[in-house]
Amino acid sequence: MANRIESYDDFWPHYLSEHRNANSRKLHFVGTTGFLTGCVASAVTNPFGFGLAMAGFATIFRDGMKKEAEKPPLGHVAAMIALPTLASPIFFPAGVVTAYACAWAGHFGLEKNRPATFGYPLWSLFSDFKMFGHMLRGQLWSGDPLEELGLEAPNERAVDAPTNGAGAAAPA
């Protein structure tokens with residue numbers, strides 16, 4: 001059985017530890033800006049329908065965040081993409097593609113790691129918005145994000161690694 005991070009408070013330092021490369025964080029910032037731009041364009045072209053879709057998005061997101069510790073809530077993710085896409089079939093998907101293309105270029109090209117969104121899609125999305133907010137306030141543009149925010153690095157044991165039953169990582 002794989003170990004999962006049990007709370008968002010424990011996930012946040014893990015997320016930041018996967019974003020130590022400042023240029024990767026900058027790519028995330030560009031991608032999140034692209035996503036938000038897609039949302040604004042969607043709202044302008046279909047204010048009522050997109051507004052309703054995003055209300056559903058927020059409700060599904062909140063519910064999925066509560067379930068993330070158990071397993072990736074993939075049904076929630078699918079619904080969160082489908083609802084706004086039905087209301088805005090061009091701009092919303094373009095924003096999503098921009099966000100993930102930039103983020104994954106940062107992970108695979110610069111960080112040389114696997115995006116946390118593969119195991120924790122909603123906590124990762126929330127963390128991306130949280131990191132974006134810090135960057136808007138002038139933080140996290142350079143240096144180690146954990147040091148800058150005064151957080152401790154997560155346990156170096158691999159997240160989702162099998163254990164030997166006693167809580168320790170099983171030998172490879």
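FYI, it's all coordinate maths here, none of it is from the lab. Model, not experiment: these values are computed from the prediction. Reconstructed Cβ throughout: ideal geometry from the backbone, glycine too, with neighbour counts over all protein chains shown.
Some points to look at:
- Full-extension gain in nm, Arg114 to Ala58, via 0.36 nm per residue minus C-alpha separation: 17.5 nm
- Charged neighbours of Asn21, selected by a Cβ distance under 13 Å, balance to +1 (K, R count +1; D, E count -1).
- Helix axis angle, 91-104 relative to the chain longest principal axis, alpha carbon, degrees: 20
- Helix-only CD estimate at 222 nm, as mean residue ellipticity for the chain, using -39500 (n - 2.57) per DSSP H run (n ≥ 4): -19500 deg cm²/dmol
- For the chain, modelled as a GNM whose springs connect Cα atoms under 10 angstrom apart, the maximal fluctuation among Gly34, Gly119, Gly49 occurs at Gly49.
- Identified option (computed Rg and Dmax of the Cα atoms in Å; candidates (1) 16.9, 55; (2) 15.8, 53; (3) 15.8, 43): (1)
- Unit charges on C-beta of K, R, D, E only; dipole of the chain, Debye: 420
- Angle between the chain longest axis and helix 121-136 axis [Cα atoms, degrees, rounded to 10]: 80
- Placing R0 at 35 angstrom, the Cβ-Cβ distance between Ser7 and Val44 gives a FRET efficiency of 0.40 after rounding to 0.05.
- Net charge of the neighbourhood of Phe132, taken over other residues with C-beta under 12 Å away and scored Lys/Arg +1, Asp/Glu -1, is +3.
- Between the Cα long axis of helix 47-67 and the first principal axis of the chain there is an angle of about 20°, rounded to the nearest 10.
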